[in-house]
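Before any comments, here is the structure.
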Amino acid sequence: MINRRFLRVKVLQAVYAYLESGEDFVENGVKHLLESIDKMHELFVWQLSFLVETKRFAENRIEENKRKNFPTQEDLNPNLRYVQNRVLTALENNRDLRREEESLKINWSDHQDIIRNYYNMMRNTPEYTEYMSDSADNFEHDKKFIVKMITNYFAELELLQDFYEEKSIFFVDDYHLVSSMLVKFFTDIKASFNETSTLPTIYKTEKDIINEDKEFVKNLFREVIKNNDEYGKLVGENTSNWEKERVCVMDMIILKLALTEFCRFPYIPVKVTMNEYIEISKYFSTPKSKIFVNGILDRMSKKLMNENVIVKKGIGLLDS
């Protein structure tokens, strides 16, 4: 399943878009939110497929070099570490990924220029040189290399981003978010991942509706829009005039989302909500927002708990 932090980010983006558009029918916003989450998952699958395709491209390049009229010793005895990368091999053989690729009609055959561009760039990086020559040769080493490439270089892949822009406007908006999802996926992947393993789903589903992710995102969006004015006023009442001037649009929405979880979601601990939105503020607001959001949420959570506005239920939540 997709980490709830990514779902919170999607709600943040959807609330911003809804308020900026002047839309006055909440369910249209909900529909757009769910569509954007579906598209985020699609891009995640596309990016997994892209990485597998780079492995296939490397294999083809090795075979072509062997068939040269005058192959070099390196052509005849190539370093196979990348094409034998255990993580990419496991993904290539994974049935769930194949099903997703077929469903989305993913095919890179007409876009080998994009694959070649990445492959050539990758081979010229110090990370690749180190990976191909390192004495370590195991699953952990293989996945760490992929994480390094995503972290250090995916933001610069303009040709790939242009390709995705033609596919969907949602892909453009979510490219960097999905890169973060990929980093988490590859960081967490186990050596036991094989052809029968399942890829992360969009939502966690539980018999208990309270814990069901799809309901969570819909209700979070509806509640923050419903209480938008009230929570805006509440933020204003709990900030000084100097602080009010610092509240940018994105900070305000982050604070309103946190207040919504404080007051309308009794089964989510206050500490969880605070940690999530403080982390989100690092990436979706100003450089100093983390400290600012942390201070305001800490102040408001204590005040609202003292006033019994925040009431949490369940074991372990009462003092959270």
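The values are calculated or read from the model by the stated rules, or taken from the named source; none is laboratory data. As the structure is a prediction and not an experimental result, all values here were calculated from the model. Here the Cβ is made from the backbone with ideal geometry for all residues, glycine too, and neighbour counts use every protein chain on show.
Quick notes on this structure:
- Matching residues, region 247-282, being free of Cβ contacts under 8 Å to residues at least 60 places away in the same chain, surrounded by fewer than 18 Cβ atoms within 10 Å (Cβ to Cβ), under 25 Å from His176 (Cβ atoms) and not polar (S, T, N, Q): Cys248, Val272, Lys282
- Some residue of region 219-229 being at pLDDT below 95, farther than 26 Å from Phe154 by Cβ, of a type in the set (Phe, Trp, Tyr) and in contact with a helix residue (DSSP H, G or I) (Cβ under 7 Å, 6 or more places away or on another chain): no
- In region 114-125, the residues that are closer than 13 Å to Tyr82 by Cβ reach residues that are of a type outside the set (Gly, Ala, Ser) and at pLDDT below 95 with C-beta atoms within less than 9 angstrom, at least six apart or across chains, in these pairs: Tyr119/Arg61.
Yes or no, residue by residue, for (1) within 16 Å of Val309 (Cβ to Cβ); (2) in contact with a strand residue (DSSP E or B) (Cβ under 8 Å, 6 or more places away or on another chain); (3) among the hydroxyl-bearing types (Ser, Thr, Tyr):
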residue	(1), (2), (3)
Lys256	yes, no, no
Thr260	yes, no, yes
Val272	no, no, no
Glu276	no, no, no
Ser281	no, no, yes
Pro287	no, no, no
Phe292	no, no, no
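- Residues being in a helix (DSSP H, G or I), under 21 Å from Asp142 (Cα atoms) and more than 33 Å from the chain's Cα centre (by Cα) - total across region 63-97: 0
- Tallying residues that are among the hydrophobic types (A, V, I, L, M, F, W, C) and in contact with an Asp or Glu (Cβ under 9 Å, 6 or more places away or on another chain) within region 47-73 yields 3.
- Within region 7-45, the set of residues being touching a helix residue (DSSP H, G or I) at 6+ places or on another chain (Cβ under 9 Å), of a type in the set (Phe, Trp, Tyr) and surrounded by fewer than 22 Cβ atoms within 10 Å (Cβ to Cβ) comprises just one member, Tyr16.
- Hits in region 98-129 (condition: among the polar types (S, T, N, Q), assigned to a helix (DSSP H, G or I) and within 19 Å of Glu156 (Cβ to Cβ)): Asn117, Asn120, Thr129
- The single condition from (1) surrounded by 20 or more Cβ atoms within 10 Å (Cβ to Cβ); (2) modelled with pLDDT of 95 or more that Ile2 fails is (2).
- Selection from region 169-183 of residues that are buried (at least 16 other Cβ atoms within 10 Å of the Cβ) and out of contact with any Asp or Glu (no Cβ under 8 Å at 6 or more places or on another chain): Asp173, Asp174, Tyr175, Leu177, Val178, Ser179, Ser180, Met181, Leu182, Val183
- Selection status of Leu177, under 23 Å from the mean Cα position of the chain (by Cα), hydrophobic (A, V, I, L, M, F, W, C) and assigned to a helix (DSSP H, G or I): yes
- Within region 274-306, the set of residues being closer than 18 Å to Gly232 by Cα, of a type outside the set (A, V, I, L, M) and at pLDDT 85 or above comprises Tyr277, Ser281, Phe292, Asn294, Gly295, Asp298, Arg299, Ser301, Lys302, Lys303.
- Scanning region 18-39 for residues that are part of a helix (DSSP H, G or I) and either over 19 Å from Val178 (Cα atoms) or of a type in the set (Ser, Thr, Tyr) (or both) turns up Tyr18, Leu19, Glu20, Ser21, Val26, Glu27, Asn28, Gly29, Val30, Lys31, Ser36.
- First in region 202-226 and surrounded by fewer than 18 Cβ atoms within 10 Å (Cβ to Cβ) and of a type in the set (A, V, I, L, M, F, W, C), second anywhere and in a helix (DSSP H, G or I) and modelled with pLDDT under 95, Cβ under 7 Å, 6 or more apart: Ile209/Glu215
- Any hit, region 145-161, residues being part of a helix (DSSP H, G or I), out of contact with any Pro (no Cβ under 6 Å at 6 or more places or on another chain) and surrounded by fewer than 12 Cβ atoms within 10 Å (Cβ to Cβ): yes
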